[in-house]
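The values are calculated or read from the model by the stated rules, or taken from the named source; none is laboratory data. Everything numeric here is computed off the predicted structure, so don't read it as measured data. In this analysis, Cβ positions are derived from the backbone assuming ideal geometry, glycine residues included, and neighbour counts consider all displayed protein chains. Side chains included, ligands, DNA and RNA excluded: accessible areas come from the protein's heavy atoms. Shrake-Rupley method; radii C 1.70, N 1.55, O 1.52, S 1.80 Å.
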Amino acid sequence: MRPDGEITRGTTNPSRLRRVDRWIANVLPAVLRADDQAARPPLIVDLGFGASPVTTLELYRAVRAVVPAAEDTGLEIDTARVACARLRLAALRAAGDELPGLSFAVGGFELPAPRRPVLVRAFNVLRQYQEEQARAAWSRLRAGLAAGGVLVEGTCDEIGRRAVWVTLPAGAGREALITFSARLASLDRPSDLAERLPKTLIHRNVPGEPVHQFLRDFDRAWDSAAPYSAFGARQRWLAAVADLARSWPVIGRPPLGGYRRWRLGEVTVPWAALAPPGR
């Protein structure tokens, strides 16, 4: 049966997804360990890894640093990309890097894996879809998760300086989140992140929509924090986030938020705060 989905452009670069990988490894370790209680290795799926498997390898190493037993499967619709990834993996193993639990397979939104994953990372995959198609993909991917699992779906620029992603739980009982992340030294204004909004929001950045108001308020807070730029972009960002938190439900509690996350150029709010009305 044909995999569910469309082939992406496949562009990727080393360290392009470092921001979301850091989030996954530092903020979601409890999710990553979910299957440990069932005496089986937790499974992570990297959906749509592209023309090179480099970012799947990076995710694998980031996750294994906190959950040594975790397994990682990279999925791609393009059979040629999967074949190249398997050749790269074989070469690394032949060179002495065993990489236990890492594999590559043909697949799409149907998530053909030996068991349900505790986490699916789908980055730069849904940009070519219509908004409703992207929402349908969310539903299908979440339905394929293990109990307690999450879908992390988002977009970043070509070298990973700016990214926005949503963290969507498998079922009810946990809050969906949206995270904005930037390399502060290269950021002119917080609203520069608008071009990296997920497909379900990118066309909603217009007057009257919550995400538009959020970014406008973030820019105002950034402008008000201009005096802090004398101490560097990070201090200006911290002051702007503190100001923004007075009018928006910016998450300030660890591990999802607070000073340690903010100083990395991250801000997380509940998805419900920015979701289109009625969604």
Revision key, fill the gap. Contact list, first residue from the range 249-261 and at pLDDT 95 or above, second anywhere and of a type in the set (A, V, I, L, M, F, W, C) and open to solvent by less than 30 Å² (accessible area, probe 1.4 Å), beta-carbon distance below 7 Å, six or more apart or interchain, is Pro249/Val269; Pro249/Ala273; Val250/Val241; Val250/Leu244; Val250/Val267; Val250/Val269; Ile251/Val269
Check your understanding: Do we have Ser181 as in contact with a helix residue (DSSP H, G or I) (Cβ under 8 Å, 6 or more places away or on another chain), of a type in the set (Ser, Thr, Tyr), buried (at least 19 other Cβ atoms within 10 Å of the Cβ) and at pLDDT 95 or above here?
Key -> yes
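Just to verify a result, which residue in the range 39-66, among those that are among the small types (Gly, Ala, Ser) and open to solvent by 50 Å² or more (accessible area, probe 1.4 Å), is modelled with the highest pLDDT? Break it down into steps so the answer makes sense when it comes.
Step one: filter the range 39-66 for residues among the small types (Gly, Ala, Ser), giving 39, 48, 50-52, 62, 65.
Then drop every residue that is not open to solvent by 50 Å² or more (accessible area, probe 1.4 Å), which leaves 39, 51, 65.
On the way: Ala39: 70, Ala51: 92, Ala65: 95.
Taking the candidates together, the pick is Ala65.
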Point to revise | Single match in Ala30, Ala91 (criterion: over 30 Å from Pro255 (Cβ atoms), without any contact (Cβ under 8 Å) to a residue 24 or more places away in the chain, of a type in the set (A, V, I, L, M) and open to solvent by 30 Å² or more (accessible area, probe 1.4 Å)) | key: Ala91
Check your understanding: What are the residue pairs meeting all of these: first residue in the range 196-214, first residue under 12 Å from Glu132 (Cα atoms), second residue charged (D, E, K, R) and in a loop (DSSP other than H, G, I, E, B), Cβ atoms under 7 Å, and 6 or more apart or on different chains?
Key -> Lys199/Arg127
Study note, to complete from the structure: Here the residues within the range 106-117 that are within 25 Å of Trp23 (Cα to Cα), among the hydrophobic types (A, V, I, L, M, F, W, C) and modelled with pLDDT of 95 or more are Phe109, Leu111
Practice item. Mind telling me which of the residues Arg253, Arg236, Arg246, Arg260 ends up being charged (D, E, K, R) and surrounded by 15 or more Cβ atoms within 10 Å (Cβ to Cβ)? Key: Arg236
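Test of understanding: among Ala137, Ala85, Ala69, which residue is open to solvent by less than 20 Å² (accessible area, probe 1.4 Å), in contact with a Pro (Cβ under 6 Å, 6 or more places away or on another chain), small (Gly, Ala, Ser) and in contact (Cβ under 8 Å) with a residue 12 or more places away in the chain?
Step by step, each of Ala137, Ala85, Ala69 is checked, and only Ala85 is open to solvent by less than 20 Å² (accessible area, probe 1.4 Å), in contact with a Pro (Cβ under 6 Å, 6 or more places away or on another chain), small (Gly, Ala, Ser) and in contact (Cβ under 8 Å) with a residue 12 or more places away in the chain.
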Study note, to complete from the structure: Taking the range 262-279 and keeping residues among the small types (Gly, Ala, Ser) and without any contact (Cβ under 8 Å) to a residue 40 or more places away in the chain leaves Gly278
Review point. Between a first residue in the range 96-114 that is at positive phi and a second residue that is of a type in the set (Asp, Glu), which pairs have beta carbons less than 6 Å apart while being 6 or more apart in sequence or on different chains?
Key: Gly101/Glu71
